[in-house]
Amino acid sequence: MRSIAVINQKGGVGKTTTAVNLGVALAQMGRRVCLIDMDPQAHATLHLGIEPRNDRPSIYDVLVGDCALAEVRQELYPGFWVVPSDLDLAAAEVELAGVVGREMILRDKLQEDNHPVDYLLVDCPPSLGVLTLNALTAVQELIIPLQPHFLALHGLGKLLETIELVARRLNPALRVTGVVFCMYDATTRLAQEVIQDVEEFFASRPQKTSPWAQLRIFQTRIRRNIRLAEAPSFGQSIFHYAPQSPGAEDYRALAEELLRTTPSLIC
Ligand code: ADP
Ligand code: MG
């Protein structure tokens, strides 16, 4: 199994859009996929047409209560499961404040779970708090979506510091598989310049043993496409809402590119 968190502490960069549509693309290619929504805003849950409900357990009950993942997981399409979130999750940060090992709850729950999937994807919230730390501790790979505008690099140093710390202390297997540019506009020179800046940024950082030593900048760029922005309000992935759109084409290509990357070696 490959386990991948889609992470960036910035909001609005394309994390949820990527987690949902990459997940569905992989499922359509015959892979068994489970998507865990770790964001209290529950955008991935809503994007997939699941109404967060108080009377049904969510990832909150897995992290804070004693629910098993199996009690929360829903099969949405054949071979595609979702562990939904809800607004209660916003309280998890505070409720877990005094709990020993609070960064490792998701990892432990996954270890207790024997549900066979090929790809486990985690959609992270826009912060570096306890929920994101749980994701970083539980997975082996990271995908960082970036928007190619002039603030793209802002905050990336802090994100990498956190990743490195988690890799050192909690999860030695953690690797950054790649950066994917979302909302890409090929017609602007700015986008090209930012992509070059990002390449230089990674090249200039200590490489050898870092979790991003094998990082790739995905060749697939997710173009800005209005269909991708519309799909969530219909509760559908891009493959159900507009299967012929450039957005669907790009996420299919990203899934294919991801399938070609070998999982990073675990050391
Ligand atoms: P994040 O999860 O990082 O906060 P989202 O995936 O929710 O970011 O994206 C932010 C907003 O931009 C959403 O309204 C989403 O529908 C829209 N969006 C994401 N990717 C694209 C794209 N390639 N083209 C157009 N709109 C996009
Ligand atoms: Mg999001």
Residue among Thr18, Tyr60, Met29 farthest towards the positive dipole end of the stretch 11-74, charges placed on Cβ | Met29
Provide, as a two-decimal number, the C-alpha radius of gyration of the chain over 2.2 N^0.38 Å, N being how many residues it has.
-> 0.94
Quick one: which residues, 5+ away or cross-chain, put their amide H under 5 Å from the amide H of Ile36? H built at 1.01 Å from N.
-> Val83, Leu121, Val122, Asp123
Under 5 Å between amide H atoms, partner at least 5 residues away or on a different chain: which partners does Arg216 have, H built in plane at 1.01 Å?
-> Gly178, Val179
Size descriptor, Kirkwood hydrodynamic radius, that averages inverse alpha-carbon separations across the stretch 149-248, Å | 15.6 Å
Take peptides 147-157, 23-33 and line them up by average Cβ neighbours within 10 Å, highest first, as a rough protection proxy.
-> 23-33, 147-157
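Ignoring ligands, DNA and RNA, what percent of the 1.4 Å accessible area of the chain is carbon and sulfur?
C and S atoms contribute 52 percent here.
Of all DSSP beta bridges located in the stretch 15-160, what percent are antiparallel, nearest 5? Let's see the in-between values first.
On the way: 3 of 12 bridges.
Counting DSSP beta bridges with both partners in the stretch 15-160, the antiparallel share is about 25 percent.
For the chain, report the accessible area per residue in Å² (1.4 Å probe, heavy atoms, rounded to an integer). Write down the numbers at each step before the final one.
Details: 11920 Å² over 267 residues.
It amounts to 45 Å² per residue over the chain.
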Taking the dipole of the chain about the Cα centre (Lys, Arg +1; Asp, Glu -1; charges at Cβ), the one of Ala248, Ile195, Leu46 that reaches farthest to the positive side is Ile195
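Mind ranking His240, His47 by accessible surface for me, highest first, 1.4 Å probe?
Per-residue accessible area, sorted high to low, gives His240, His47.
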Which order do Asp61, Asp88, Asp250 take when ranked by solvent-accessible area (1.4 Å probe, heavy atoms of all protein chains), largest first?
-> Asp88, Asp61, Asp250
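The values are calculated or read from the model by the stated rules, or taken from the named source; none is laboratory data. Computed from a prediction, not measured in an experiment: that's the story for all the values here. With ideal geometry, Cβ positions are generated from the backbone for all residues, glycine too; neighbour counts draw on all protein chains shown. Protein only, heavy atoms only, side chains kept; ligands, DNA and RNA dropped before computing areas. Shrake-Rupley method; radii C 1.70, N 1.55, O 1.52, S 1.80 Å.
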